[in-house]
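Rule-based calculations on the coordinates, nothing more; no lab input. Note that the structure is predicted; figures quoted are calculated from it, not measured. Counting neighbours? That spans all protein chains shown, and the Cβs are built from the backbone with ideal geometry, glycine included.
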Amino acid sequence: MRVIQSAGLRELYDIAGSEHVIYDAEFLRQHGWEGELPKACVTPSTEEQLCEIMRLAQAEKWKVAPAGNFTKVRLGGVTEGIDLVISLRCLNGIIEYQPADLTVTVEAGTRLSALNAALAKERQMLPLDVPFTATGATIGGVMATNSSGPRRLSYGSVRDMAIGARFVTADGTLAKSGGKVVKNVAGYDIVKLLIGSYGTLGIVTSATFKVFPLPPATATVVMGFATVVDAMKARDRILNSPLIPQSLDLVDAAAAELMGQGIATESAYSLLAAVAGPPLMVERVCRELPELVRFDGVRSVSELNGEAERTLWNAVQEITPLALERSRQTTVVKGSVVLSNVGNIVARARDAAAQHELQVATVARAGSGTVYCHIWPARDGDAPAERIANTCEIIVREAEQHGGWATIEWTTAEVKSRLPQWNVGDDFAVMQRVKHELDPEGVLNPGRLFGKI
Amino acid sequence: MRARRGQSQLHKVESGDDLDSRRVSELKNIIGSQAVLHAPEDLMLYEYDGSVDRALPDAVVFPSTTEEVVSTVCWAREKNFAILARGAGTGLSGGSVPVNGGVVIGFSRMKKIVEIDLANQRAVVQPGVVNLDLSLAVAKSGYYYVPDPSSQKACTIGGNVAENSGGPHTLAYGVTTNHVLGLEVVLPDGEVIHTGGKPLDCPGYDLTGLIVGSEGTLGIVTQAIVKLTRLPEAVQTILAIFNSVDDAADTVAEITARAITPAALEMMDQLALQAVEAATHAGYPCDAAAVLLIEVEGLREAIEVQTEEIRDACKHHAAREVRVAQSEVERQLLWAGRKNAFGAMGRIAKSFYVQDGVIPRTRISETLRFIGQVGEKYDLRIANVFHAGDGNLHPLILFDIRDHEQYRRVLQAGAEILAYCVSIGGSITGEHGVGMEKSDLMPLLFTENDLTIMGKLKSVFNRDGRLNPSKIFPTSKGCGEIQVGKQWAART
């Protein structure tokens, strides 16, 4: 154990208890921590402890990185000079659940998987099918990073489900926004600000969500295409019909191979359409979807049910961690584009990767415009930071050219340092003022959010 | 229809002199003489919205471009006038009432649908576009704009964005904030920003999400990017008639328990039915204790199953009749009755005061009983027309505008109902906004800390509080507004 250098660090014991303070933060390296290690990691057990810790941090002028189960430590920018990591994993549990009200209030350190297991007992769900669920993603982490999944097409993302939150600000103030009822316009919607803020404005301690009934039946139609253009034509026809599925993802053959989903490896591109609802409805959509797209160059059609269907969607949901395991260099670019630009981004990423001797595996939320390009070196042992950075830039510019955005979610510190300056919009100054107003000393997660807010 | 609130809140507070002729001509130079109203008889048309509060503006201007909005805002900044935006004036919380006077920016000339981008399911609109006009513009292509406030024939998208408006059909698909992707906003210092965009997940802070529902206190929206949604294949509208309010309320819970999320689930009680039937002749039964108006939509197969389930749930709770609309005409008539319900109150009372409390949807029966008791206690008639599916109540307290003593009781009854909603875990407003009407009730819901943080965010956008002053925040805790009062007093 390292020597505890300051009274402030010792005070953490008094606040959180000795078993909740770790001074040797070496374990964070296993979770991908980059840069200098923090002085300590603390896991408060109550909101009050968290407030006290934040007040202590303010007094000691510590920089703080909030965390949950450390599944996404490396996601986003590299933090600068963090003194203290605060994990909310002990603020963990369901506070209030009224199935008949279709709402649930949970502490931020609760695992999404645990929450959904509890909801499933009442045949309900929080349809956030986000990556890292299998390895312990927490509610707080999902909110901070605005994680989303395939079912966003029908249920939206966390911003559409969260109806209230309690949070602690940089100066240790406990506050809330929203409430516990599904419709509420009293006061500013600070929950929206906190979602996707990467913990730079405040630390969410609990949140209330709308929950949904589990659908009575599901099935998935897999349609194979030779080109992304054909697949997008089919996508347009599906979205423009009443047969809109609950998820509609495009996967390329490389992604299917990475996921070990043979059903989608035979065609260059596959559209995966998950259908959910009463059995008769599911039956009809599965019957009519292939019929609907028959002139759009569809090469193969198959239907999945039961275990095979669940396995496929689990793999799609968890492809990012899978790709990160594939190589230490794996880089994940997330494109947020209009529907008509999904095909371009996918094609551009493919060409740019090939040109730079890189592999790319792409999964796109074809009905929402969210594209995930997973990039890694074609040859083992290759360390192509420069080429990866160039490929990222090509994808970013392609997205921007059509009014969209692309962000580099995952990559190595080396690539991060080579990435071009982020093009910010005319609202960036306002974002900076928001940050300054809520965290004037820049205590919370400096450098983590894109644009270095 | 509208009443004056306590006099102390009505007259202009230390706002100094009126707009003199020199300033009027300055304004006219900025945006044209046809676009400025300043005569007292003209200004009186802009002293109210759909709520009960009133206050006269110093001037009303009608810009036709974002640049003209910027010029007006810069002028108001230099001359230290309060400014606020106004759509159709259908708001129900005093959001567009100029509490301390100032310049009202009316958006009736900025009503263009700038772009309809069906391939990307987006529309770009100016703030003055009427809600229903947007849905009508894309209906032929099989799309619509989901949020449908009952005032949708008149209310504007700009006003909807400011208030984060709901409507009967937001039960399944979410309210305005779930359908707005980007905004062009003029800040009170004249800065123009663009938040969000057509795609989802704009990187950085979700300023769009913060500004929607901020009741015009953070910026003036001059353009919005909204989501368009595919029209469903089929719709089924069901009218369930009950002899007991409790049975109707229990049916709402039963429908949820059966894992059905209707597109809309509305309730009207007997007093409301009598008014609605007198006004619309939609075929509502005047002798029933309550009715539920339920709509399911989607694919035919799903609707058939859900309709049967709903019919069964209603029968299970002693519905005396369950009618399924047999034609689009019948469906439209039922909805006309519901959507014109507020207006219909004119048939049974001189004035009404509508509340917008929200409760957990399982607590409807007990809350309606409480509302009944409040009515008895204050000797007032209260009709209920509301979004039962999401627990968003609309008690309509009936009164006579000329009876000041009665009006005092109306306000007390309203506050008591809202306090009850909060006490069982609800909110003081589900879709009408806090405005000036409920600002003093905010401490029921929010702590000093909560309000301080909201105040900090307000100061980021609206530093001196000149933009739509005296809204949302309790008057005792103005967050910048006390300061404004002083500046006003010093205005020359």
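Taking the longest Cα principal axis of chain B as reference, the axis of helix B:300-316 is set at about 70 degrees.
I'd like the mean, over residues of A:430-436, of how many other protein chain beta carbons sit within 10 Å of each residue's own Cβ. Partner-chain Cβ atoms within 10 Å, mean over residues of A:430-436: 6. Post the alpha-carbon centroid distance, region B:157-220 to region B:91-134, in whole angstrom. With region B:157-220 and region B:91-134 each reduced to a Cα centre, they are spaced 12 Å.
Can you pull out the GluC sites (Glu not before Pro) in region A:311-398 whose DSSP state is coil and whose Cβ has at most 14 other Cβ atoms within 10 Å? List each step's numbers first, then the result.
On the way: sites: A:E318, A:E325, A:E357, A:E386, A:E393, A:E398; in loops: A:E318, A:E357.
Answer in residue order: A:E357.
Inter-chain neighbour count for B:290-302: the average number of beta-carbon atoms from partner chains within 10 Å of each residue's beta-carbon is 3.
Can you give the Rg to Rh ratio for region A:153-207, taking only C-alpha atoms and Rh from Kirkwood? When Rh is taken as the Kirkwood radius, the ratio is 0.97. For a straight C-alpha distance cut-off of 13 angstrom, the aspartates and glutamates reachable from A:K233 (same-chain residues fewer than eight places away being disregarded) are A:D296. If you take every residue apart from A:P215 with its C-beta less than 12 Å away from the C-beta of A:P215, what net charge results, scoring Lys and Arg +1 and Asp and Glu -1? Taking every Cβ under 12 Å from that of A:P215, the sum is +2. Each of B:N462, A:F428, A:G149 was scored by the projection of its Cα onto the charge dipole of the protein assembly as shown, and the greatest displacement toward the positive side belongs to B:N462; charges sit on the C-beta of Lys, Arg, Asp and Glu. Counting, for every residue in A:401-407, the Cβ atoms of other protein chains within 10 Å of its Cβ and taking the mean gives 4. Computed over region A:98-213, the P(r) tail beyond 22 angstrom holds 26 percent of alpha carbon pairs.
If R₀ is 56 angstrom, what is the calculated FRET efficiency for the pair A:A217 and A:Q401, using the beta carbon separation as r and rounding to 0.05?
After rounding, the FRET efficiency stands at 0.85.
Each stretch of four or more DSSP H residues adds -39500 (n - 2.57); spread over every residue of chain A, this sum gives -10000 deg cm²/dmol at 222 nm. In a reduced charge model with +1 at each Lys and Arg Cβ and -1 at each Asp and Glu Cβ, region A:239-365 shows a dipole moment near 320 debye about its Cα centre. Distance from the C-alpha centroid of region A:272-286 to that of region B:267-334: 28 Å, rounded to the whole angstrom. Extending 7 Å from the Cα toward the beta-carbon at both A:A226 and A:K61 defines two label points whose distance is 6.7 nm.
In summary, the lysines within cross-link reach of B:K112, defined as a Cα separation below 22 angstrom excluding same-chain residues under 8 places away, comprise B:K140, B:K153, B:K198, B:K227.
Summarising the amide proton neighbourhood of B:L231: residues at separation of 5 or more, or on other chains, whose placed amide H is nearer than 5 Å comprise B:Y143, B:Y144. Extents of chain B, taken as max minus min of Cα coordinates on every principal axis and listed largest first, are 69, 57, 43 Å.
Between the alpha-carbon centres of region A:105-181 and region A:224-243 there is a gap of 31 Å.
Around the Cα centre of region A:98-213, unit charges on the Cβ atoms of Lys, Arg, Asp and Glu (plus for the first two, minus for the last two) sum to a dipole of about 200 debye. Annotation: lysines with alpha-carbon distance below 27 angstrom to A:K176 (same-chain offsets under eight excluded): A:K61, A:K63, A:K72, A:K192, A:K210, A:K435, A:K452, B:K438, B:K456, B:K458, B:K471, B:K477. Which listed residue (A:V337, A:G403, A:A389) has the Cα farthest towards the positive end of the charge dipole for region A:326-411, taking +1 on Lys and Arg C-beta and -1 on Asp and Glu C-beta about the Cα centre? Projecting each Cα onto the dipole axis, the largest value belongs to A:V337. Three principal axis extents describe the C-alpha atoms of region A:326-411; from largest down they are 37, 21, 19 Å. To the nearest 10 degrees, how steep is helix B:21-31 against the longest Cα principal axis of chain B, on a 0 to 90 scale? On a 0 to 90 degree scale, this one is about 70. At 37 °C and 0.692 mPa s, grab the translational diffusion coefficient of region A:217-317 from Stokes-Einstein with a Kirkwood Rh over Cα pairs, rounded to a whole number in µm² per second. In µm²/s, the coefficient rounds to 248. For chain A, the convex hull drawn through the C-alpha positions has a volume of 144 cubic angstrom per residue.
When only the Cβ of Lys, Arg, Asp and Glu is charged (+1, +1, -1, -1), the dipole of the protein assembly as shown relative to its Cα centre reaches about 760 debye.
Peptides B:278-287, A:420-429 ranked from most to least packed, by the mean per-residue count of other Cβ atoms within 10 Å: B:278-287, A:420-429. Here, P(r) means the percent of Cα pairs in each 10 Å bin from 0 to the largest distance; for region B:7-106 it is 16, 52, 29, 3. Between A:E19 and B:I424, the FRET efficiency from the beta-carbon distance, with R0 = 41 Å, is close to 0.60. Extension gain for the segment B:K315 to B:K377, taken as residue separation times 0.36 nm less the Cα-Cα distance, is 18.9 nm to one decimal. Computed from the C-beta positions of A:V301 and B:A234, the FRET efficiency with R₀ = 25 Å rounds to 0.45.
Taking label points 7 Å from Cα along the Cα-to-Cβ direction, B:E416 and B:M44 give a separation of 3.6 nm.
So what are the protein assembly as shown's ellipsoid semi-axes, whole angstrom, largest first, if each one is the square root of 5 times an eigenvalue of the alpha-carbon gyration tensor?
Numbers: eigenvalues 379, 243, 156 Å².
For the protein assembly as shown, the ellipsoid semi-axes come out as 44, 35, 28 Å.
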